[in-house]
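The values are calculated or read from the model by the stated rules, or taken from the named source; none is laboratory data. What you are looking at is a predicted structure, and each value in this text was computed from that prediction instead of being measured. Please note: Cβ atoms are built from the backbone with ideal geometry, for glycine as well, and neighbour counts cover all protein chains shown.
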Amino acid sequence: MTQPRVLVTGAGRGIGRAIALRFARAGAKVAVAARTSSELDSLVAEIEAAGGSARAQQMNVADHGSVEAAVWRAVEYTGGALDVLVNNAGVFDIKPFDKMDLATWRRHIEVNVNGPFFVTHEALDALLEAEHAHIFNIASVAALQAFPGNTAYCASKYALRGFSDALRLDLAPKGVRVTTVYPPQVDTPIWDKVPGAGNVAGAWDRAQMMKPEQIAEAVYQAWCAPRDTNVDELRF
Ligand SMILES: NC(=O)c1ccc[n+]([C@@H]2O[C@H](COP(=O)([O-])OP(=O)(O)OC[C@H]3O[C@@H](n4cnc5c(N)ncnc54)[C@H](OP(=O)(O)O)[C@@H]3O)[C@@H](O)[C@H]2O)c1
């Protein structure tokens, strides 16, 4: 294939950043999106310093207007088509239900559920322009099982799983593959705000967590897999 055209949301840090770097290393043209420009600019600089191609695109996935404008510019950069869309942007707060508030609930639904819908909806024409497009939705093990203090996060990730699996049915006849990704705990800045998460023995020992590069490699390999390979899900 010629240079793959890729859009990664939430690419400023963590898993999204690792995925963007992995595709860039393989020669892709990568549009990287998030809200924090400084993180995107440093990622683009790193990719370009290594000889790759990337463009930063500020985007708030929870804001439809922002998504509309940003996807349009990203697709302009990739030349009108997208081979790969990675819906990775996400938020995660641990909050027992008796401490749950409307703002936390809404943020999870808006970013983790509405976000992938908005981005996929806006990117669809560009995905259909590609010969064999592939969408990755980064869910979580919290889309497969419940965890305490996770009502908002689990609800949002179970919803994303449903969206992703139904989307696969609609887009398969159009030749678009859809993979739902279920990472376990991964050592990224998402854990920085979680009280008790650190390099200490226990449930949230960051040293024991997977590395973002491992998720990125699995995503990249799924994209490379022959078309008769089942890549509906990535579990670790
Ligand atoms: N780390 C884990 O243990 C783990 C496990 C399972 C699943 N996941 C999932 O993997 C994905 C990435 O997680 P991560 O651990 O890499 O998180 P992270 O390190 O906190 O990075 C999250 C990325 O998403 C972006 N983002 C957040 N809100 C956004 C918004 N409204 N619009 C656009 N971008 C937004 C952030 O950038 P800005 O804040 O600058 O916008 C950042 O670039 C998430 O969907 C998460 O739920 C993570």
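Quick notes on this structure:
- Flag if E46 is over 16 Å from the mean Cα position of the chain (by Cα), more than 24 Å from Q185 (Cα to Cα) and surrounded by fewer than 15 Cβ atoms within 10 Å (Cβ to Cβ): no
- Within segment 71-107, being surrounded by 23 or more Cβ atoms within 10 Å (Cβ to Cβ) and either more than 20 Å from the chain's Cα centre (by Cα) or among the aliphatic types (A, V, I, L, M) (or both) holds for V71, A74, L82, V84, L85, V86, A89.
- Within segment 108-127, residues that are closer than 16 Å to A34 by Cβ and within 14 Å of the ligand (Cβ to nearest atom) have Cβ atoms under 8 Å from residues that are hydroxyl-bearing (S, T, Y) and part of a helix (DSSP H, G or I) in these pairs: V111/S156; N112/Y153; N112/S156; P116/S164, counting only partners at least 6 apart in sequence or on another chain.
- Consider segment 128-148 and keep the residues that are hydrophobic (A, V, I, L, M, F, W, C) and more than 30 Å from F97 (Cβ to Cβ). The one that is nearest to the ligand (Cβ to nearest atom) is F136.
- Selected residue [in a helix (DSSP H, G or I), touching a strand residue (DSSP E or B) at 6+ places or on another chain (Cβ under 9 Å), basic (K, R) and at pLDDT 95 or above] from R55, R17: R17
- Candidates T180, T151, filtered to the one that is away from the ligand (no atom under 12 Å from the Cβ) and either touching a residue at least 40 places away in the same chain (Cβ under 8 Å) or not polar (S, T, N, Q) (or both): T151
- The residues listed here are V61, V91, V75, V86; of these, the one that is in a helix (DSSP H, G or I) and among the aliphatic types (A, V, I, L, M) is V75.
- Yes/no for D228 being assigned to a loop (DSSP other than H, G, I, E, B), without any contact (Cβ under 8 Å) to a residue 12 or more places away in the chain and under 15 Å from H132 (Cα atoms): yes
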